[in-house]
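> Got a structure for you, written out below as structure tokens; questions coming shortly.
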């Protein structure tokens, strides 16, 4: 497979999946304010990581299409992807269990914060794949 097209596409799809995973609690929990409290309870809100994910989509797409320097896009995508994982992991480990368990009866929400961290992993992997395709790594 061509890492110059596939790598950034994996990163872009990872960003979209990450954003979709962040939307899931709004579909499960009845009150929006409870979801806001859930996302605001950790050390850093995953809303910051969501903004980075949106930025990463733009950066990787621009690098893939040659609208920006591909090596710069691969490096920026990698750094942003690592930040997204770090913010997500910091948030997931600092959200109180009592808050998570109090949101709903669904067991899906209990695993949601770890799904957020897992969904972030393809983002830097796609950027690394892009960098390997560019012979940077």
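Each value in this text was obtained by applying a stated rule to the coordinates, not by laboratory testing. These figures come from a predicted structure and were not determined experimentally. As a convention, Cβ positions derive from the backbone with ideal geometry for all residues, glycine included, and neighbour counts pool all protein chains shown.
> How high is the FRET efficiency from residue 23 to residue 137, r the C-beta distance, R0 22 Å, rounded to 0.05?
Working from the Cβ atoms, E equals 0.10.
> Going by a ≥ b ≥ c, the root eigenvalues of the Cα gyration tensor, does the stretch 37-99 fall in the rounded group (a/c under 1.5), the prolate group (a/b larger than b/c) or the oblate group?
prolate
> Any chance you could give the angle, 0 to 90 degrees and rounded to 10, that helix 46-64 forms with the longest Cα principal axis of the chain?
20 degrees
> Arrange the peptides 39-48, 111-120, 15-24, 76-85 so that the one whose residues have, on average, the most other Cβ atoms within 10 Å appears first.
Packing proxy ranking, top to bottom: 76-85, 111-120, 15-24, 39-48.
> Let me ask something additional. Show that you can apply the helix-only estimate: for the chain, add -39,500 (n - 2.57) for every DSSP H stretch of four or more residues, divide by all residues, and state [θ] at 222 nm to the nearest 500.
About -26000 deg cm²/dmol.
> Using alpha carbons only, what's the Rg to Rh ratio of the stretch 3-133 with Rh from Kirkwood?
1.05
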